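Trainee: Shown below is the structure under consideration.
The values are calculated or read from the model by the stated rules, or taken from the named source; none is laboratory data. In this text, all values refer to a predicted model and were calculated from it rather than measured experimentally. A quick note on method: Cβ atoms are made from the backbone with ideal geometry, for glycine too, and the neighbour counts reach across all protein chains shown. Side chains included, ligands, DNA and RNA excluded: accessible areas come from the protein's heavy atoms. Shrake-Rupley method; radii C 1.70, N 1.55, O 1.52, S 1.80 Å.
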Amino acid sequence: MKTILTALTLGCLIGTQAQSAPMEYRYGFDVFAKSQGTLDAFHSITAFQEIRPGLHFGQTLYSAAAGDAGGLFVGGFELAKRWRIDNKTELELGGFIGGGGGAALVGGDGLMTRAHISLRRHLFGNVSGSLGVSYVNVSGAPISTPALSFGLSRDTNAAYMGGHVNSGVSDGRVLRAVKPLVKQFHPSSNLTRSGRALGTMSLVGIEATFAASPMARNETFIQSTGAMAGDGEGYADIQFGYRWKTSSTGLRAFAEVAAGFGGGGDVDTGGGFIATVGAGVAVPLLRGLDLEFGAQATTALDGDLTAIVPYVRTSLSFGQKNRPYDNPQHWQLSMGVTSQSPNTGYRKPGVTATASPLLIESSVDLFVGKHLYLTGNAQTVAGGHAGGYAIGLMGMGYEFPLNDRWTVSVEGMLGAAGGGGIQTNGGLVAAAKLELDYAVNDKLAISAGIGKMQTLRGTGGAKPMTFHLGLKTRFTTFH
């Protein structure tokens, strides 16, 4: 979700926009020119926005696509410059910096850089294709290679404006709902990468759903989860899907299909590609709040994972009861870095590294009151000899404005963490932080903070102090 919402906010850095804003979503595939251990190719999803004529900025999530490294994830930031050659063709030069790891492939820092040059050509409608070459390097892993790069892009509109404004728009794809969820994997006689029987995994995560208009019945969605208990410490997945519903509101049944990539820990997902089918029912509780129950069947197409997955979701819906595009919803996005100061017991037994991990961090805040907000946070490691360490958190926060420029905020969160030799005792963690923000203008602020994270299961484990530095930007969506 953070990848898509990041693109929604980029225009906020350069001024308020009075209409729906174009975004670009790109699926990429990089085939390595050299053998890189168990990894032969990356695929990726990028959310882009044009921040200056010909200059595009966004967030990208890379994952293993071929070989035997399912569970390798790298997230970070992408910048690209385009020059038009003719009315259908552009030359693109770009770069990426981020962090991550997984599948026991990244034993060092996890910092990844990628440079590319490609030709981008309009194919039909709002779809374009690209072909080029890139160079990928991952610190702490045997990954340093040229690659042949392919891409498929789709331009769309999102109904949003920069800043916390209240004048609406009249068109654009909308964010339909945000859905925190809990699900449980019940494997079917599967074996782990180390050869033992795979047990039940419990996961926590979040989903964002999108529709062509506020009252559309069916929707697309992005769902991401991470292991918090059971046999899957270090496992995470992200899936993209489509859902059919019997009605747009009220008591309703639905069916869904999804595909994406997942893995990590000792879970054998092969190259990482997973597919899901499912069905369920949505039960209205309060206006704009539903409870959803369902079950899925999930399989790794070239790994040893096939599972029945029951789940429960809460659904915070937007704009279904009033006139379309007449309902403003305020948000805030944070992007920055976090350093963790290790405690005794922070690393797993036998791990000798002592450095403080540095993580790339993104948060999305949904305001449910003037100062009260729900928050979702994702972090991937970029330094500190903890390649593969990743964190996903959800919780609540509250702002205390001091004056027109300075604001103090406090947050409390729960979620999942694991990988990189960090001792998270199954994955369930809690975190709290205190931040001080300085507003550069009404849409952009500089933020610094201090916090604490700790495992909630077992004894010992990771209980680091955390230090945060980043930027915050505000935006408004209409539904």
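Trainee: Does residue 249 count as in contact with a Pro (Cβ under 9 Å, 6 or more places away or on another chain), hydroxyl-bearing (Ser, Thr, Tyr) and open to solvent by 10 Å² or more (accessible area, probe 1.4 Å)?
Mentor: yes
Trainee: Look through 270, 278, 303 and report the one residue that is more than 20 Å from the chain's Cα centre (by Cα) and either within 17 Å of residue 254 (Cα to Cα) or not in a loop (DSSP other than H, G, I, E, B) (or both).
Mentor: Only one candidate passes the filter, namely 278.
Trainee: Quick check: is even one residue across segment 343-361 assigned to a loop (DSSP other than H, G, I, E, B), at pLDDT below 85 and either surrounded by 15 or more Cβ atoms within 10 Å (Cβ to Cβ) or touching a Lys or Arg at 6+ places or on another chain (Cβ under 7 Å) (or both)?
Mentor: yes
Trainee: Of (1) at pLDDT 90 or above; (2) surrounded by fewer than 14 Cβ atoms within 10 Å (Cβ to Cβ); (3) more than 26 Å from residue 328 (Cα to Cα), residue 405 satisfies all except one. Which?
Mentor: (3)
Trainee: For segment 322-332, state whether one or more residues are open to solvent by less than 20 Å² (accessible area, probe 1.4 Å), in contact with a strand residue (DSSP E or B) (Cβ under 7 Å, 6 or more places away or on another chain) and either farther than 24 Å from residue 213 by Cβ or among the hydroxyl-bearing types (Ser, Thr, Tyr) (or both).
Mentor: yes
Trainee: Next question. Those residues that are touching a residue at least 12 places away in the same chain (Cβ under 8 Å), in contact with a strand residue (DSSP E or B) (Cβ under 8 Å, 6 or more places away or on another chain) and over 21 Å from residue 190 (Cα atoms), I need them from segment 259-287; list them, please.
Mentor: Those that are touching a residue at least 12 places away in the same chain (Cβ under 8 Å), in contact with a strand residue (DSSP E or B) (Cβ under 8 Å, 6 or more places away or on another chain) and over 21 Å from residue 190 (Cα atoms): 279, 280, 281, 282, 283, 284.
Trainee: How do the pairs read when you match residues in segment 465-477 that are under 18 Å from residue 208 (Cβ atoms) and free of Cβ contacts under 8 Å to residues at least 60 places away in the same chain with residues anywhere that are assigned to a strand (DSSP E or B) and open to solvent by less than 10 Å² (accessible area, probe 1.4 Å), using Cβ under 7 Å and keeping only pairs 6 or more apart or on different chains?
Mentor: Every condition considered, no pair remains.
Trainee: Which numbered condition trips up residue 78, out of (1) open to solvent by less than 10 Å² (accessible area, probe 1.4 Å); (2) farther than 24 Å from residue 235 by Cβ; (3) touching a residue at least 40 places away in the same chain (Cβ under 8 Å)?
Mentor: For residue 78, the failing item is (3).
Trainee: Can you give me the number of residues within segment 366-383 that are in contact (Cβ under 8 Å) with a residue 60 or more places away in the chain and crowded, with 24+ Cβ neighbours inside 10 Å?
Mentor: Residues in segment 366-383 being in contact (Cβ under 8 Å) with a residue 60 or more places away in the chain and crowded, with 24+ Cβ neighbours inside 10 Å: 5 in total.
Trainee: Residues in segment 52-74: is at least one crowded, with 22+ Cβ neighbours inside 10 Å, among the acidic types (Asp, Glu) and modelled with pLDDT under 80?
Mentor: Checking segment 52-74: not a single residue is crowded, with 22+ Cβ neighbours inside 10 Å, among the acidic types (Asp, Glu) and modelled with pLDDT under 80.
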